[in-house]
Amino acid sequence: MSLRHGPAALAAALAWAAASRAGEIPDALVVLEASVDLPGREAAAVPPRFVLLRDGQVFAGGSDRLYAGKLDKRELQALDKRAQQVRKLPGLGTYVQFGAEPKGSYRLRLLKDKDKPVEIRIAGSPAAALAQMQPLASFVADLASFHHPSLRPFAPASFALGVREGALAGGCRPWAFTVALEDALAAPRAVSAAEASGWPTGALPASVCAGDRRYVVTLRPLLPGEQP
């Protein structure tokens, strides 16, 4: 398989990137986001697939929720070493395509050097990577399926409330947040975990009715210190 930068694949990756999270995560060393293409899910509200903080805290996510854990010093150093190897790959650009018919998209951010952060948008399966891109492919694959014995369900203190006009199948709920609907339509807003209680979270949306209009509402879990 060859490494390609085809217009169609690039357009698809950029389309997902436009919907990906804009918030910055304080003290993050490595962040991996993955596209989710499932019926009835909202891509813009998907939690990050993997986050490593400078103190060794680690978060792993699915489409709806996050798990939190802690790496020891040796594990942290090993993961950081792999991230630095990726940074130094010859010919590494900001967009990489694995395989001729890529399915799936990732956004990898390497943030140890705050003055020279690296962001790579990836289309395709890591299994289809060329030999020279194996350090990147294996790194992404391992982060995407990350497991650690310390991982436990993460209870976020707040969520990013996202709203767009649209109708979902079935009934709808009334607007029940202290944030004004008009403000949430303009840009995502932070709401407390107490306000989000009882609502679907992550990429799983809820339907809201306000007057004669219907809206799609999402609540993306926020990591410590993160803003919408």
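Taken together, the values in this text are just the output of simple stated rules run on the coordinates, not laboratory data. Just so it is clear, the model here is predicted, and its values are computed rather than measured. Quick reminder, even Gly has a Cβ in these numbers, built from the backbone with ideal geometry, and neighbours come from all protein chains shown.
Data overview
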read-out: Asp55 versus Val179: modelled label distance in nm, points set 7 Å from Cα along the beta carbon direction; value: 2.6
read-out: Linear extension gain, Cys209 paired with Ala141, 0.36 nm per residue minus alpha-carbon span; value: 20.4 nm
read-out: Interatomic Cα distance distribution for the range 156-221, bins of 5 angstrom, percent; value: 4, 19, 33, 28, 13, 3, 0
read-out: Per-selection Kirkwood Rh - the chain (Cα, Å, 1 d.p.); value: 18.6
read-out: Ordering of 106-114, 147-155 by burial proxy (mean other Cβ atoms within 10 Å per residue, highest first); value: 106-114, 147-155
read-out: Additional length obtainable on full extension of the chain from Arg152 to Lys112, 0.36 nm per residue less Cα span; value: 11.9 nm
read-out: Given charges at Cβ of Lys, Arg, Asp, Glu: the chain dipole, positive-most of Phe98, Gly61, Ala34; value: Phe98
read-out: FRET efficiency, 1/(1 + (r/R0)^6) with R0 45 Å, evaluated for Ala127 and Ala187 via beta carbons; value: 0.75
read-out: Cα-Cα P(r), the range 96-163, percent of pairs per 10 Å interval; value: 16, 35, 33, 14, 1
read-out: Relative contact order, percent, the range 7-152 [alpha-carbon distance under 8 Å, six or more residues apart]; value: 26
read-out: Shape of the range 42-174, Cα gyration tensor, a/c cut at 1.5; value: oblate
read-out: Contact order normalised by residue count of the range 141-199, Cα under 8 Å, 6+ apart, percent; value: 44
read-out: Radius, Kirkwood style, for the range 24-95 when every pair of distinct Cα atoms is counted (Å); value: 13.7
read-out: Label-to-label distance, nm, for residues given as Leu168 and Gln84 (7 Å Cα→Cβ offset); value: 4.5
read-out: Which listed pairs, of Lys70/Lys116; Lys81/Lys103; Lys70/Lys114; Lys73/Lys114; Lys73/Lys112, have C-alpha distances above 18 Å, in listed order; value: Lys70/Lys116; Lys81/Lys103; Lys70/Lys114; Lys73/Lys114
